[in-house]
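Taking it in order: structure first as structure tokens, then the write-up.
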Amino acid sequence: MKRITGALAAAAVAAALLTGCGTTEEPAGGTASGATATSGPVTYTDARGKSVTLDTPATRVVGLEWGEVEMLVTLGVQPVGVADIKGYNTWNTAAKLDGTAKDVGTRGEPSIDSIAALKPDLVVMGSDLAGTAAAQLEKFAPVLVTKGSDASRNLDRMKDDLNLIATAVGKTDTATQVLADFDAAVAAGRQKIADAGAAGRYFAIADGWMEGSAVNIRMFGSGALVSQVGIALGLQNAWTGEVDPAWGLGQTDVEGLKVLQDKDLHFFYNASDGTDVFATGLKDNAIWKSLPFVQQNRLHRMPDGIWTFGGPLSCRQYLDELVKVYTL
């Protein structure tokens with residue numbers, strides 16, 4: 001299931017898109033091994049500006065957004081409850097669940113009763129959901145709200161969210177190591193791309209869905225999280241169309257892709273649910289077939305299960321794919 005955000009929500013819902021925007025498996029399953037968690041009281045201030053003190057670090061945690069669930073698992077905390085487990089397992093392979101979590105409904109409409117029954121000592125959610133669910137959940141458990149996305153600083157925002165969650169679960173040392181490893185991978189990848197003479201080359205990132213016979217395309221602008229990964233590697237995002245300020249996402253159609261004319265541009269997309277609209281919905285479209293990146297075979301379906309709104313391990317998966325393409 002794709003992240004539905006901002007001005008794109010109505011179109012994506014109408015489309016019913018996405019119903020239920022190698023090197024990482026060891027860290028995901030074992031990042032926290034050997035790490036010492038904080039044992040005393042911990043205090044965090046979440047994206048609402050709300051300060052909460054827990055008597056001890058949270059261990060029975062419910063995660064209501066997949067990026068935050070990934071971060072919990074990365075830190076060595078398997079959630080007791082997750083929203084849309086099937087969807088998470090389809091779209092996010094960076095940090096795998098161990099099968100013990102209970103499903104607590106959808107990300108947009110989690111079941112309050114199901115969450116309460118798990119007796120969590122913390123519920124983690126993104127800011128999109130906070131306005132409708134936080135007050136209900138706080139009647140029986142502390143809530144931690146992450147920023148979730150910020151197109152003005154999404155890589156730094158992702159790091160802030162990881163550190164925030166790490167504080168609440170007593171895993172700040174683990175978070176520090178995870179982020180140091182990620183920064184080292186970015187630096188190494190940037191050098192590889194520079195050495196290959198590919199620094200400054202263009203990329204575009206998208207996903208899409210069918211609405212009747214029409215293909216709707218969601219573009220990832222420069223502020224989108226995975227676009228920020230590409231930019232950190234020394235590449236340039238070619239999409240300059242309108243995007244929303246939170247997620248850096250914009251909407252277009254195949255006609256709108258005609259602006260992507262750079263001869264060296266690579267076009268990346270995700271279709272983890274198996275619905276590849278670029279391969280099926282556009283295969284006979286004359287405009288699509290005329291685009292340079294299609295004619296030059298610079299079209300790349302990303303490996304299934306790389307979540308475009310995730311944490312450092314998903315970002316590392318994206319990073320590895322970008323480096324591979326630009327250093328061939």
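The values are calculated or read from the model by the stated rules, or taken from the named source; none is laboratory data. Being a predicted model, the structure only gives us computed values, none of them experimental. Here the Cβ positions follow ideal geometry from the backbone for every residue, glycine too, while neighbour counts run over all protein chains shown. These accessible areas exclude ligands, DNA and RNA; they are computed on the full protein's heavy atoms, side chains included. Shrake-Rupley method; radii C 1.70, N 1.55, O 1.52, S 1.80 Å.
Sorted on the mean count of surrounding Cβ atoms within 10 Å across their residues, most packed first, peptides 307-315, 221-229, 243-251 read 307-315, 221-229, 243-251. Where only DSSP H runs of four or more residues are counted, the chain gives -10500 deg cm²/dmol as its mean residue ellipticity at 222 nm, each run worth -39500 (n - 2.57). For segment 210-220, 3J(HN,Hα) computed residue by residue from phi via the Karplus equation (6.51, -1.76, 1.60; θ = phi - 60°) reads 8, 10, x, 9, 8, 9, 9, 10, 9, 9, 9 Hz, glycine and proline entered as x.
Placing dummy labels 7 Å off each Cα toward the beta-carbon, the span from GLN191 to ASN89 is 4.0 nm.
Under 5 Å between amide hydrogens, built in the peptide plane, is the criterion, and for LYS102 it picks out GLY81, VAL82 among residues at least 5 positions away or on other chains.
Here are some pairs, LYS171/LYS324; LYS263/LYS289; LYS147/LYS192; LYS96/LYS147; LYS50/LYS139; which of them have Cα atoms lying more than 21 Å apart in this structure? Check vs 21 Å cut-off fails for LYS171/LYS324; LYS147/LYS192; LYS96/LYS147. For GLN236, the residues whose amide H sits under 5 Å from its own are GLY200, ARG201, TYR202, PHE203, ignoring neighbours fewer than 5 places away on the same chain, with H placed 1.01 Å from N. Based on the Cβ-Cβ distance from ASP183 to ASN285, what FRET efficiency comes out when R0 is 30 Å, to the nearest 0.05? Here the calculated transfer efficiency is 0.15.
If R0 is taken as 30 Å, the Cβ-Cβ distance between ALA214 and THR132 corresponds to a FRET efficiency of 0.45.
Shown for the chain: the carbon plus sulfur share of the solvent-accessible area, taken with all protein chains present and a 1.4 angstrom probe, equals 50%. Scalar couplings 3J(HN,Hα) for segment 169-176, obtained by applying the Karplus form with A = 6.51, B = -1.76, C = 1.60 to θ = phi - 60°, are 9, x, 10, 5, 5, 5, 4, 4 Hz; x denotes Gly and Pro.
Here the extension length gained between ASP276 and THR100 equals 60.2 nm, from 0.36 nm per residue of separation less the Cα-Cα distance.
A 1.4 Å probe run over the protein chains yields, for segment 132-224, 38 Å² of accessible area per residue, whole-number rounding.
Computed from backbone phi, the HN-Hα couplings of segment 69-79 come to 4, 4, 5, 4, 5, 4, 7, x, 10, 7, x Hz, rounded to whole numbers (Karplus: 6.51 cos²θ - 1.76 cosθ + 1.60, θ = phi - 60°; Gly and Pro given as x).
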